[in-house]
1. Filter the stretch 279-297 for residues that are out of contact with any helix residue (DSSP H, G or I) (no Cβ under 6 Å at 6 or more places or on another chain) and either hydrophobic (A, V, I, L, M, F, W, C) or modelled with pLDDT under 90 (or both) and give the result.
2. Identify all residues within the stretch 57-81 that are over 18 Å from residue 130 (Cα atoms) and without any contact (Cβ under 8 Å) to a residue 12 or more places away in the chain; write none if there are none.
3. Report whether or not residue 116 is farther than 19 Å from residue 69 by Cβ, at pLDDT 90 or above, assigned to a helix (DSSP H, G or I) and in the same structural domain as residue 55 (by TED's automatic domain parsing).
4. Filtering the stretch 298-333 down to residues that are in a helix (DSSP H, G or I), among the small types (Gly, Ala, Ser) and in contact with a Ser or Thr (Cβ under 8 Å, 6 or more places away or on another chain), which residue is surrounded by the fewest Cβ atoms within 10 Å (Cβ to Cβ)?
5. Mind checking whether some residue in the stretch 90-101 is farther than 30 Å from residue 44 by Cα, without any contact (Cβ under 8 Å) to a residue 12 or more places away in the chain and out of contact with any helix residue (DSSP H, G or I) (no Cβ under 6 Å at 6 or more places or on another chain)?
6. Restricting to the stretch 121-145, name every residue that is touching a residue at least 60 places away in the same chain (Cβ under 8 Å), surrounded by fewer than 22 Cβ atoms within 10 Å (Cβ to Cβ) and touching a helix residue (DSSP H, G or I) at 6+ places or on another chain (Cβ under 7 Å).
7. Where residues in the stretch 85-137 are under 45 Å from the mean Cα position of the chain (by Cα) and basic (Lys, Arg), which of them is farthest from residue 150 (Cα to Cα)?
Amino acid sequence: MPNHSLRRPHSGPPDRPWLRPEPISLAPVPEPPDAEPTANPASVALARVYALFPAAIRLSCGVAVAVVALAVRTPPVQAVPLALAVVALTIWSYVFYRQAVDNGIRAWVVLVDSALTIVACLAMGVLVARTVMPGGVSWVAVLASTSIITAPFALRMAHGILVGLTIAAAYCAGALIAGQQEEAISHSAVLVVQTFLAIGLVYLTRRSTRAADGVFAAYQRTHRESVIARAAREAERKQNRDLHDTVLSTLTMVGLGGVAAQSPMLRARASSDLRTLFDPVRRPVLDPAAKVSLDERLRLIVERYEGYPLTAALEPCLVPSAVADAIAESADAALSNVVRHGEGSVAWLRLHQTREAVVVEVIDVGPGFDMATIPSYRYGIRESIMARMAAVDATVRIDTAPGNGTRIHLEWANVG
């Protein structure tokens, strides 16, 4: 047993830290998303709008047309053709609505709708009273406008223009047959303008949607690449930690004289290092959230320091597997620092649990150090302890000063 400083007794670890600096903690590394976002979300949303918008327009138009058509039955309106037209168009309005809502807007749906509208336009002479025909306020005029507006939602641009112009021509013919030349010219021109406006609106929305999906696809690629790069960096950091905390740490201990060449601690550490680095297949793969015994994990760490003056007080404690790994490996790194740099020291490892947190402390009465003087490139405390604890949302507090020993306080507060 090495000789210890006479500045304080060593029957047990100090109950209070010798210094009280602010806690040192790092933000956790963000996890990648659980699932890929929907591909082409703008197109999916637009398809839904393209189904609901025409469906709502066509159903409301069908109801309004039926009411208006039946309200004005003055000559030359013929009752039988009007009744047949109203029944057929009302039933079709419901079929159009159900098809669009259930299956999306389809080309055959708007083509059937356009055909019925063309028939109604050609039969205006027996379906619409002459008194309401001028000015484009008749129910057939409303029906024609509705079919022209809904057609581009399911058709290509050229086909939508062709359908719109055909409906406008049918309206013009129907108005001429009914003896309404002025209406034939004026409202047909309005229907032609509506055709190109509807086509332009659909073109702009589709173009904007493609642009939005292109931006989103680029974001997905960039995000995926960043997640892969982050995962690669994390894997590299873990490999570096394992290498630092096993072979390099053990060789440094031997080189600094912290452990004898034939000591039981060296044999235990060498065996553990080889298992960690070269036999990963035999290591059990656990769910990171599965509860494991932290005290058992820490007892395995204590075995690595056989022959060293280390006292362990470990209360039974269950924590998630990922938390147990981080705390146990951080404690091991802290104890390795004690052996390497605290010649002639003794150490304590304590584990206790409260209602609020799980706390592990590594305490030694060695020479201590000044945190401000540690270079940024030093790997031990920054990566092997602080980064490990930060990865599981845990915190680290280091209480130390030159000549006053060291207390490393590891705390995980997500208990319960």
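The values are calculated or read from the model by the stated rules, or taken from the named source; none is laboratory data. Remember, it's a predicted structure, so these values are computed and weren't measured experimentally. When we count neighbours, we look across all protein chains shown, and the Cβ atoms used for this are built from the backbone with ideal geometry, even at glycine.
1. The first filter runs over the stretch 279-297 and keeps only residues out of contact with any helix residue (DSSP H, G or I) (no Cβ under 6 Å at 6 or more places or on another chain), leaving 279-285, 287, 289, 291, 293, 295-296.
Once the filter is applied, which keeps residues that are out of contact with any helix residue (DSSP H, G or I) (no Cβ under 6 Å at 6 or more places or on another chain) and either hydrophobic (A, V, I, L, M, F, W, C) or modelled with pLDDT under 90 (or both), the stretch 279-297 yields 279, 280, 281, 282, 283, 284, 285, 287, 289, 291.
2. The one that is over 18 Å from residue 130 (Cα atoms) and without any contact (Cβ under 8 Å) to a residue 12 or more places away in the chain: 60.
3. Details: farther than 19 Å from residue 69 by Cβ: no; at pLDDT 90 or above: yes; assigned to a helix (DSSP H, G or I): yes; in the same structural domain as residue 55 (by TED's automatic domain parsing): yes.
Criteria not met by residue 116.
4. First, pick out the residues of the stretch 298-333 that are in a helix (DSSP H, G or I): 298-303, 321-333.
Adding the requirement that they be among the small types (Gly, Ala, Ser) leaves 321-322, 324, 326, 328, 330-331, 333.
Next cut, in contact with a Ser or Thr (Cβ under 8 Å, 6 or more places away or on another chain) only: 324, 330, 333.
Numbers: 324: 26, 330: 26, 333: 24.
Restricting to residues being in a helix (DSSP H, G or I), among the small types (Gly, Ala, Ser) and in contact with a Ser or Thr (Cβ under 8 Å, 6 or more places away or on another chain), the top hit is 333.
5. Of all residues in the stretch 90-101, those farther than 30 Å from residue 44 by Cα come to none.
No.
6. 142
7. 98
Condition check ((1) under 40 Å from the mean Cα position of the chain (by Cα); (2) under 22 Å from residue 312 (Cα atoms); (3) β-branched (Val, Ile, Thr); (4) modelled with pLDDT under 90) across all residues:
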| residue | (1), (2), (3), (4) |
| --- | --- |
| 354 | yes, yes, yes, yes |
| 358 | yes, yes, yes, no |
| 361 | yes, yes, no, no |
| 368 | no, yes, no, yes |
| 376 | yes, no, no, yes |
| 390 | yes, no, no, yes |
| 397 | yes, yes, no, no |
| 402 | no, no, no, yes |
| 409 | yes, yes, no, no |
